[in-house]
Amino acid sequence: MPGTRKLGKTTDQRMAMLRQQVTDFLDNGKMETTVTRAKEIAPLAEKMITLGKKNTLASRRQALAFITREDVTTKVFKELAATYAERNGGYTRITKIGPRRGDAAEMAVIELV
């Protein structure tokens, strides 16, 4: 499901990090992270919202298998799916905000549109 960026981690570590970041992003609606991580999070978050729009038992189980908290899954299926019912994709926006002070990594804000 995720893209080809390895992000300096093994597969298990990378998937755990992406699952947690997608869960936090869907819970808060906005997140500040590096550009490369934001580009990896966006398609995964959009997939979860699309599953919420389907609203079947199978799609709920798929979402629960990826999202780490059940209350966030409920929020996706109840609130976010209703918000984006008329929209065909493009639920996220990535805005670059400049380099990070410590290591000059390019930072970005990813948010729900």
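Which of the residues spanning the stretch 52-89 are within 15 Å of the chain's Cα centre (by Cα), over 20 Å from ALA16 (Cβ atoms) and of a type in the set (A, V, I, L, M)? Those that are within 15 Å of the chain's Cα centre (by Cα), over 20 Å from ALA16 (Cβ atoms) and of a type in the set (A, V, I, L, M): LEU80, ALA81.
If you go through the stretch 43-62 and keep only what is open to solvent by 10 Å² or more (accessible area, probe 1.4 Å) and over 15 Å from GLU79 (Cα atoms), you end up with PRO43, LYS47, THR56, LEU57, ALA58, ARG61, GLN62.
Pairing each residue of the stretch 73-84 that is more than 12 Å from ALA45 (Cβ to Cβ) with any residue that is open to solvent by 70 Å² or more (accessible area, probe 1.4 Å) and outside any helix (DSSP H, G or I), provided the two are 6+ apart or on different chains, yields C-beta distances under 8 Å for PHE77/ASN55; ALA81/ASN55. Residues in the stretch 24-41: is at least one part of a strand (DSSP E or B), touching a helix residue (DSSP H, G or I) at 6+ places or on another chain (Cβ under 7 Å), surrounded by fewer than 16 Cβ atoms within 10 Å (Cβ to Cβ) and basic (Lys, Arg)? No, there is no match, as no residue in the stretch 24-41 is part of a strand (DSSP E or B), touching a helix residue (DSSP H, G or I) at 6+ places or on another chain (Cβ under 7 Å), surrounded by fewer than 16 Cβ atoms within 10 Å (Cβ to Cβ) and basic (Lys, Arg). Looking only at the stretch 93-113, residues that are in contact (Cβ under 8 Å) with a residue 12 or more places away in the chain and open to solvent by 30 Å² or more (accessible area, probe 1.4 Å) come to 10 in all.
The values are calculated or read from the model by the stated rules, or taken from the named source; none is laboratory data. The model shown is predicted, which means the values in this text are computed figures rather than measured ones. Note that we place each Cβ from the backbone using ideal geometry, even for glycine, and neighbour counts take in every protein chain shown. The accessibility values were calculated without ligands, DNA or RNA, using every heavy atom of the protein model including side chains. Shrake-Rupley method; radii C 1.70, N 1.55, O 1.52, S 1.80 Å.
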